[in-house]
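Derivation of every value follows stated rules applied to the coordinates shown; laboratory data play no part. Quantities reported herein were computed from a predicted structural model and do not represent experimental measurements. A quick note on method: Cβ atoms are made from the backbone with ideal geometry, for glycine too, and the neighbour counts reach across all protein chains shown.
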Amino acid sequence: MTVDPATAEPAASQAEAPPRRGLVALLVLDGGLCALLSVFFLGVYIAGVPFPVTIILAGAANLLLVMAVRAETGSMRTATLPLLAWVVVFLVCLVGGPGGDQLVLGDWRTLLLPIAALAPAGGYLFSARIKEITQAGAGAGQAPPAGPLPGPRP
């Protein structure tokens, strides 16, 4: 059977397609991997000077992961999953291993890592949520009347 493209119903758009769970799971796993690599390379020195480039890279990676999950699912709640994975892996890295081994250093870089890694993605989620709230508030309000307002006339 041949269908005329002019009269056929449009195919489901990309926005209406269900999210790919495997892709979302991979992005969440990447959030945990980002935390692990950030901790592993936190103690990098270049020419005897601490060079914690992973702090900046972790912030950029988390922001991109959150944006990708939100674009895939459209859900703010699901978009926080890469950040949750990052926090869980970071907290596991804080716990000492067998024999008292620790992955995380006890200095300023350890304090700066979670702040700088989570702040960009948190700011993005905050601004996106505020945008959703203001759009919902504007859509819920009634449109102004088209004609003259009722009331006493001068």
Open item on the list: Give me the extension gain from residue 40 to residue 91: residue separation times 0.36 nm, minus the current Cα-Cα distance, reported in nm with one decimal.
Closed with: 17.0 nm
Open item on the list: How far apart, in nanometres, would the label points at residue 76 and residue 134 be if each is projected 7 angstrom from Cα along the Cα-to-Cβ direction?
Closed with: 1.3
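What's the exposure ranking of 93, 34, going from fewest to most Cβ atoms within 10 Å? It would help to have the intermediate numbers written out before the result.
Details: 93 20, 34 25.
Starting with the residue having the fewest Cβ neighbours, the order is 93, 34.
Arrange the following residues from fewest to most other Cβ atoms within 10 Å of their Cβ: 94, 118. Present the calculation step by step, with values, prior to reporting the outcome.
On the way: 94 12, 118 19.
With the sparsest Cβ surroundings first, the list reads 94, 118.
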TODO: Would you please state which residues of region 66-88 a label at residue 20 would reach in this model, taking the label point 7 Å out along Cα→Cβ and a backbone N cut-off of under 18 Å?
DONE: 66-75, 79, 82
